[in-house]
Amino acid sequence: MGRLIDTTDLEGTAAAVLHNADGKGQVLLVCEHASNRIPAVLDNLGLDEATRLSHVAWDPGALAVAQEISQILDARLVASTVSRLVYDCNRPPKAPGAMPERSEVFDIPGNQNLTEAEKAARVATVYEPFRTLLAETIAASPTPPVLVTIHSFTPVYLGKQRDVEIGILHDSDARLADAMLDLAPRHTELSARRNDPYGPGDGVTHTLKLHALPNGLMNVMIEVRNDLIATADQQRAVGKMLAELIADALTLIANKKETQCHA
């Protein structure tokens, strides 16, 4: 479990992939926790199958929702192909949660007592390819994209039931989040809340802070409770709803800007 990994350990699969690379939509989607795949050399991090399939290893349903949004909005989508327990691409290398020794109630044996070389290998083979692909995709955009990250969360965390159903998260730029929260009741009966069940203080806005804020890109992080996207039909329905909500929010922002320009 303590062996180093290199590019060959990823079984021929890149650590990050760009879906719908020719998409012409304004939105650029990101799914940092799209996969629960653990490179074979890491011996499943010492975890049993149930844990590897659980929410601690990835965001169940998130990729399918993101792909539905991508199809509707013709949006490009950058997704990780490696479990967040190997490296959480929504955390900087020095963050304790980047390679967690414990996640919720689960100990992660393969992350215990990692050497600096082992940590550096994971940064180099998982985080850096993801970060680079996203940065290059932004840089290659003909116009500044709108960055939207897609996540899911467990309905029960540390034994406590969560009643929020959709989280609309933001850091210092709340433009898109504000518009989405204003319009959400028109699109869904699901409970949508600001910075819930997580917020900037939990370190979850790393991707937004690294890639959106310095570039002045409008951005938002969307969290969906994973029991609401457990089936293919649910994933399609929620993806469609979110795509329409994002589109309407962007139209609202554009109309307000145009009105202000002509005032």
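The values are calculated or read from the model by the stated rules, or taken from the named source; none is laboratory data. Here the structure is a predicted model, which means the values were calculated and not measured. Glycine gets a Cβ as well: all are built from the backbone with ideal geometry, and neighbour counts include every protein chain shown. Remember, those area values only see protein heavy atoms, side chains included, never the ligands or the DNA or RNA. Shrake-Rupley method; radii C 1.70, N 1.55, O 1.52, S 1.80 Å.
In this structure, the amide hydrogen of Val224, modeled 1.01 Å from its nitrogen in the peptide plane, lies closer than 5 angstrom to those of His151, Ser152, Phe153, Gly167, counting only residues at least 5 positions away or on a different chain. Under 20 Å from a point placed 7 Å out from the Cα of Asp202 along the Cα-to-Cβ direction: which residues of the stretch 224-238 have their backbone N that close? Counting only backbone N, you get 224-230.
Taking every C-alpha pair closer than 8 Å and separated by at least 6 residues, the mean separation divided by the residue count of the stretch 120-263 gives a relative contact order of 32 percent.
Residues in the stretch 109-256 average 44 Å² of solvent-accessible surface per residue, probe 1.4 Å, ligands and nucleic acids excluded. For the chain, the share of accessible area belonging to carbon and sulfur comes to 52 percent (1.4 Å probe, ligands and nucleic acids excluded).
For the pair Glu128 and Val105, the difference between a 0.36 nm per residue extended length and the Cα-Cα distance amounts to 5.5 nm. Here the spin labels are modelled as points 7 Å beyond Cα on the Cα-Cβ line, and at Asp74 and Leu190 they lie 2.6 nm apart. Placing +1 on the Cβ of every Lys and Arg and -1 on the Cβ of every Asp and Glu, with no other charges, gives the stretch 1-128 a dipole of roughly 260 debye about its Cα centre.
Structure remark: mean-square fluctuation, Gaussian network model of the chain, C-alpha springs under 10 Å; the largest value among Ala184, Ala249, Ala140 belongs to Ala140. Computed on the chain, with alpha-carbon pairs under 8 angstrom and 6+ residues apart, the relative contact order is 23 percent. Highest average first, the peptides 229-241, 153-165 ordered by how many other beta carbon atoms sit within 10 Å of their residues are 229-241, 153-165.
Among 53-63, 201-211, the peptide with the highest mean count of other Cβ atoms within 10 Å heads the list, and the full ranking is 53-63, 201-211. Candidate cross-link partners of Lys256 among the aspartates and glutamates, defined by an alpha-carbon separation under 17 Å and a same-chain spacing of 8 or more, comprise Asp173, Asp178, Asp182, Asp248.
Straight-line cross-link partners of Lys160 among the aspartates and glutamates, defined as a Cα under 18 Å from its Cα and at least 8 positions apart when in the same chain: Glu104, Asp196, Asp202, Glu223, Asp227. If you take all other residues with their beta carbon under 11 Å from the beta carbon of Asp248, and give Lys and Arg +1 and Asp and Glu -1, the sum is -1. With a simple spin-label model that places each label point 7 Å from the Cα along the Cα-to-Cβ direction, the separation between Glu49 and Glu136 comes to 3.7 nm.
The residue list Ala66, Pro214, Asn44 was ranked by how far each Cα lies along the charge dipole of the chain toward its positive end, using unit charges on Cβ atoms, and Pro214 comes out on top.
Straight-line reach from Lys119: taking Cα to Cα under 21 Å and skipping same-chain neighbours fewer than 8 places apart, the lysines in range are Lys94.
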